[in-house]
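Colleague: Provided herewith is a single structure, encoded as structure tokens, for subsequent inquiry.
The values are calculated or read from the model by the stated rules, or taken from the named source; none is laboratory data. Keep in mind that this is a model prediction, so the values were computed, not measured. When we count neighbours, we look across all protein chains shown, and the Cβ atoms used for this are built from the backbone with ideal geometry, even at glycine. Only protein heavy atoms, including side chains, enter the accessible area calculation; ligands, DNA and RNA are left aside. Shrake-Rupley method; radii C 1.70, N 1.55, O 1.52, S 1.80 Å.
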Amino acid sequence: MKNAALENCRKKFDMTAADMAAMVREFQSEMERGLEGRDSSLKMIPTFVDCATGKEEGSYIALDLGGTNFRVLGVRLDGRGGISVEHVGKYVIPTAVMRGTGEQLFNFIAGSIKEFMTKNRISASDDRKLGFTFSFPVKQTAVAKGVLITWTKDFSASGVVGNDVVGLLSAALAGYGLEKIEIAALLNDTVGTLVAKSYEDPGCDVGVIFGTGTNACYRERIDRIRKLPGLDGKGHMIVNIEWGNFSKAPANEYDRMLDQVSGNPGQQLMEKKISGMYLGELTRLLISDLIADKSLFAGEKVNFSRGQFESQHMSLIEADDSADLSAVKLFLGGIGIPDATLEDRAVLKEACRIVSDRAAKISAAALSAVFTWMDPKLDGKHTAAIDGSVYEKHPGFRERVLAALKELHGEKAGKLALVSAKDGSGVGAAVVAAVAASA
Ligand code: GLC
């Protein structure tokens, strides 16, 4: 009975090699449409910046906004591929500010920068260059100019969509007496991740975040960015794919349920299948069905309500390799289910695995689409710099992505390297500001 129920779940979340290959084709056709400026779920945003040479140098202020934490960093580049983070300030954005007005949000940011500078004795009367990582879909028109297209990840501050975020930040900085700060670059976290890694490793050509949200960017030939008129067509530019919004990955009833009650129905459909903000809830929906059909907790009514199960709980459960699943038992005890049997705990672990397995396969298909878009036969070597909590903390996630890439590309998968790029979204802001300053 339980096995049959789990088998049924497996089928719903199944992603065969053929499904992955089909997704790669769909993904590339959306990439092409996006680059041409036609309707597409992939925005394919030109960023007006290329990778670093490693020779950029100087001291910069880096801002990192993209989740509930906002960070300010003082970063020094030595001109020889070396980066040192000299100061770090972390600020928690109150929910009321995330969902209040844009003015409140940008004043919060400017106020935090002011505090950071005072604390670290950085004078406000000297000229300073700042890089701003703003991890949302922004339509850029220059390296330091861009309009927010839509909020994602539960942000909803009013008066920001449709406006230039650099202008909003400059105005707030002026209000705090920080006019000497020049915002030299605005960038997405994926771009920061790629450019920061490229500062030390010039072979890196893709930047990816598997975290609260998910997204990727890559180095594109300028002549292939057809929607960008007026460029001479030589060289490369990084394109922010905004892949979280890809709408053609296979979906089942749980995906649809989750989407319908989300803050942005119909949007970020791939993100809702693979990122940390949603994986826990998706699994909770599956678990609730297993409870309802008595395959879990003997069908006993347990209070397992929306938002109670998070992706970090999945990580904890899947990491439990003990014979009696003692960590799972402890977790269940903590949420008021102390009497779960060993079989229950095993079913719970398997449910998590089913959902995270599909996440890894969808991630691999998206990566494969990007790599083979740049190099259809994988003649060369490619490196993706990757950051984010799911990638860093979910047990076996990286291995499962690599296994799926092998399924898709056989031996040639050996040419694809996935390297960890911790904190790229932070230091990357400094490197992109430096690249922009030296352009
Ligand atoms: C969301 C944002 C995107 C960002 C990603 C990872 O998908 O829309 O801009 O890169 O989260 O933080």
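Colleague: Efficiency by 1/(1 + (r/R0)^6): what FRET value for Asn163 and Lys381, r their Cβ-Cβ distance, R0 = 45 Å, to the nearest 0.05?
Modeller: The computed FRET efficiency comes out at 0.65.
Colleague: How much length is gained on full extension from Met257 to Arg221, taking 0.36 nm per residue of separation minus their Cα-Cα distance?
Modeller: Result: 9.0 nm gained on full extension.
Colleague: How much FRET efficiency would the formula 1/(1 + (r/R0)^6) give for Ser322 and Ser125, where r is the Cβ-Cβ distance and R0 is 45 Å, rounded to 0.05?
Modeller: After rounding to 0.05, the efficiency reads 0.15.
Colleague: Peptides 355-364, 29-38: what's the order by average Cβ count within 10 Å, highest mean first?
Modeller: 355-364, 29-38
Colleague: Shifting gears a bit: How large is ³J(HN,Hα), in whole Hz, for each residue of segment 143-155 in order, when computed from phi with the Karplus curve 6.51 cos²θ - 1.76 cosθ + 1.60 and θ = phi - 60°, using x for Gly and Pro?
Modeller: For segment 143-155, the Karplus-derived couplings read 5, 10, 8, x, 9, 5, 7, 7, 6, 10, 6, 6, 7 Hz, x marking Gly and Pro.
Colleague: For the full complex of protein chains and a 1.4 angstrom probe, list Thr118, Thr150 by accessible area with the highest value first.
Modeller: Thr118, Thr150
Colleague: Rank Ile113, Val165, Gly230 by how far each Cα sits towards the positive end of the charge dipole of the chain (+1 on Lys, Arg Cβ; -1 on Asp, Glu Cβ) and give me just the farthest.
Modeller: Gly230
Colleague: On to the next question. Counting Lys and Arg as +1 and Asp and Glu as -1, what is the net charge of the other residues whose Cβ lies under 13 Å from the Cβ of Leu35?
Modeller: Combined, the nearby Lys, Arg, Asp and Glu give 0.
Colleague: Could you report the accessible area of Glu115 in Å², rounded to 10, computed with a 1.4 Å probe on the protein chains as they sit in the structure?
Modeller: Accessible area of Glu115: about 100 Å².
Colleague: What are the residues whose amide H is under 5 Å from the amide H of Glu182, where those residues sit 5 or more places off or on another chain and H is modelled from the backbone?
Modeller: When sequence neighbours closer than 5 places are left aside, the close amide H contacts are Arg128, Lys129, Leu130.
Colleague: 5 Å is the cut-off here: which amide hydrogens, built 1.01 Å from N in the peptide plane, fall below it relative to Glu220, excluding neighbours closer than 5 in sequence?
Modeller: Residues meeting the amide H criterion: Met237, Ile238, Val239.
Colleague: Looking at the chain, what % of its DSSP beta bridges pair antiparallel, to the nearest 5?
Modeller: 60 percent
Colleague: So what are the ³J(HN,Hα) numbers for segment 205-212, from phi and the Karplus equation (6.51, -1.76, 1.60; θ = phi - 60°), rounded to whole Hz, Gly and Pro as x?
Modeller: Coupling constants for segment 205-212: 10, 9, x, 9, 10, 10, x, 3 Hz.
Colleague: Separation between the Glu86 and Thr118 pseudo-spin-labels, each 7 Å from Cα along Cα→Cβ, expressed in nm?
Modeller: That separation, rounded to one decimal, is 2.1 nm.
Colleague: Read phi for every residue in segment 156-170 and hand back ³J(HN,Hα) as whole Hz from Karplus 6.51 cos²θ - 1.76 cosθ + 1.60, θ = phi - 60°, with x for Gly and Pro.
Modeller: 7, 3, 6, x, 9, 4, x, 10, 6, 6, 5, x, 5, 5, 4
Colleague: With Cβ to Cβ distances under 10 Å as the rule, what net charge do the other residues near Ile274 carry (K, R +1; D, E -1)?
Modeller: Here the count lands on +3.
Colleague: Okay, moving on. Output needed for segment 57-197: three equivalent-ellipsoid semi-axes, defined as square roots of 5 times the C-alpha gyration tensor eigenvalues, in descending order, whole Å.
Modeller: 23, 18, 14
Colleague: At 7 Å along Cα-to-Cβ for each site, give me the label-to-label distance between Asn3 and Lys415 in nm.
Modeller: Label at Asn3, label at Lys415, 4.3 nm between them.
Colleague: Only Lys, Arg, Asp and Glu count, each charged at its Cβ (+1, +1, -1, -1), so figure out the dipole size of the chain about its Cα centre, rounded to 20 debye.
Modeller: So the dipole magnitude of the chain works out to roughly 340 debye.
Colleague: Suppose accessible area is computed on protein heavy atoms with a 1.4 Å probe; arrange Trp243, Trp373 from highest to lowest.
Modeller: Heavy-atom accessible area, descending, gives Trp373, Trp243.
Colleague: Now for a separate question. Hull surface divided by four, with the convex hull built on the Cα atoms of the chain: how many nm²?
Modeller: Projected over every direction and averaged, the Cα hull of the chain covers 21.3 nm².
Colleague: Classify segment 1-73 from the C-alpha gyration tensor, please: rounded if a/c falls under 1.5, else prolate or oblate depending on whether a/b exceeds b/c.
Modeller: Oblate is the answer for segment 1-73, as a/c is 1.5 or above yet b/c matches or exceeds a/b.
Colleague: What does the net charge come to around Ile93 if you take all other residues with beta carbon closer than 13 Å to its beta carbon, with K and R at +1 and D and E at -1?
Modeller: Spelling it out: positives minus negatives among the neighbours equals +2.
Colleague: Answer with one residue from Ala5, Ala21, Val88: the one whose Cα lies farthest towards the positive end of the charge dipole of segment 1-139, charges on Cβ with Lys, Arg +1 and Asp, Glu -1.
Modeller: My answer, from the dipole projection, is Ala5.
Colleague: Tell me the Kirkwood hydrodynamic radius of segment 160-299 in angstroms, computed as one over the mean inverse distance between distinct C-alpha pairs.
Modeller: 18.6 Å
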